[in-house]
Amino acid sequence: MVMLSVSCAQLALAKGMSLAVLQGVRKTYRMGEEDVHALAGVDLTFEQNEFTAILGPSGSGKSTLMHILGFMDVPTSGRILFEGEDVSALSSDRRAWYRSHRVGFIFQSFNLLPRLTVLENATLPLLYREDFPDDASREAAAKKALDRVGMSHRLTHRPTELSGGERQRVAIARALVGRPALILADEPTGNLDSRNVDRILELLGELNREGIAILLVTHDLGVAAHARRIITMRDGRVQEDKQT
Ligand SMILES: Nc1ncnc2c1ncn2[C@@H]1O[C@H](COP(=O)(O)OP(=O)(O)O)[C@@H](O)[C@H]1O
Ligand SMILES: [Mg+2]
């Protein structure tokens, strides 16, 4: 299974295959008597190694798009190819496989588990990975990821004992520990001061240069300017899609 996944990803890269292709993707929520069209027909292609920002007013479907691309939610209709495979209608087991092997998440509110240490938080995504079968292999990978984000001096701290910028760096370590093809970051800098915003953006830029695609939701035009592509959403649709 592991070898298969690695060779699939390498094959996708070698063939110049797109990371993700969305065709006519819709997501409709039923709220009482009313249908809410969170995504009202989205066609988008994301290439391997892209750094893309998503702008758009509140309620325009940005988070829904991230959840669907991150295998946390399924579209109501439409087609999605991920690394060349049709993932539009996967079983929940296969979705869980993609979630734990191919994507990483960063959230505005960090979403670290408060009772776990920094090291334990960073090992969490590896718990269901057959290629990290024991504590030693998971801890080694987590330490490497924490070192990558400059947090190896805080391994036994709890999240509450860290600043916001430090928490977000731990969250980035957690997102990258499983070597994802894509990191989804939903307003990752929304709770940070400008110095920490810069540091987080610098880290995401480095990870991108090392081959991880980044998809970043933001309200901040200055943050979006770090991306090479800016997509603007409105009313569940792509309003604008431009290279910077
Ligand atoms: N789980 C849900 N149930 C019902 N409506 C939802 C749900 N998630 C999102 N929505 C609705 O879908 C629309 C898009 O939401 P969202 O993707 O969160 O937008 P954004 O991230 O751009 O603010 C909004 O109108 C929101 O209220
Ligand atoms: Mg949102």
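Taking θ as phi - 60° and the Karplus parameters 6.51, -1.76 and 1.60, the scalar couplings of the stretch 209-218 work out to 5, 7, x, 9, 6, 10, 10, 10, 8, 8 Hz in sequence order, x denoting glycine and proline.
What does DSSP give for the chain in terms of the percent of beta bridges that are antiparallel, rounded to the nearest 5?
Details: 23 of 41 bridges.
About 55 percent, rounded to the nearest 5.
Debye-formula intensities of the stretch 28-148, expressed as log10 I(q)/I(0) at q = 0.12, 0.16, 0.20 Å⁻¹, are -0.60, -0.98, -1.28 (one equal scatterer per alpha-carbon, no solvent).
With Cα atoms as the point set, the chain shows a radius of gyration and Dmax of 17.6, 53 Å. Apply the Debye scattering formula to the stretch 129-201, with a single equal point scatterer on each alpha-carbon and no solvent, then give log10 I(q)/I(0) at q = 0.14, 0.15, 0.27 Å⁻¹. Once normalised to I(0) and log-transformed, intensities are -0.47, -0.53, -1.32. Couplings 3J(HN,Hα) for the stretch 78-93, derived from phi with the Karplus relation 6.51 cos²θ - 1.76 cosθ + 1.60 (θ = phi - 60°), are x, 10, 10, 10, 10, 6, x, 9, 6, 10, 5, 9, 7, 5, 5, 5 Hz, where x marks Gly and Pro. Sites listed here are GluC sites (Glu not before Pro) in the stretch 126-167 whose DSSP assignment is loop and whose Cβ has at most 15 other Cβ atoms within 10 Å: E130. Near V42, the amide H atoms lying under 5 Å from its own belong to G24, V25, R26; only residues 5 or more places off or on other chains count, and H is placed 1.01 Å from N. Sequence-ordered 3J(HN,Hα) estimates for the stretch 98-110 from the Karplus curve with 6.51, -1.76 and 1.60 and θ = phi - 60° stand at 4, 4, 8, 9, 10, 10, x, 10, 10, 10, 4, 9, 6 Hz, glycine and proline given as x.
Highest mobility in the GNM of the chain, judged by mean-square fluctuation with C-alpha springs under 10 Å and restricted to A227, A38, A136, is found for A136.
Can you give the FRET efficiency to the nearest 0.05 for Y128 and R209, using r as the Cβ-Cβ distance and R₀ = 45 Å? Spell out each step's value before the answer.
Details: r = 29 Å, r/R0 = 0.64.
It comes to 0.95.
Tell me which trypsin sites (Lys or Arg not before Pro) from the stretch 44-121 have a DSSP coil assignment and no more than 12 other beta carbons within 10 Å of their own. Don't jump to the answer; show the numbers that get you there.
Values: sites: K62, R79, R94, R95, R99, R102, R115; in loops: R102, R115.
Counting only loop positions with at most 12 other Cβ atoms within 10 Å, the trypsin sites (Lys or Arg not before Pro) in the stretch 44-121 are R115.
If both residues of a DSSP beta bridge must be in the stretch 177-244, then about 55% of such bridges are antiparallel. Contact order for the chain, expressed relative to its length and based on alpha carbon pairs under 8 Å spaced 6+ residues apart, stands at 27 percent.
Bear in mind that the values in this text are calculations on the coordinates, not laboratory data. Keep in mind the model is a prediction, meaning the values are calculated, not measured. All Cβ positions, even for glycine, are placed from backbone atoms using ideal geometry, and neighbour counts span all protein chains on display.
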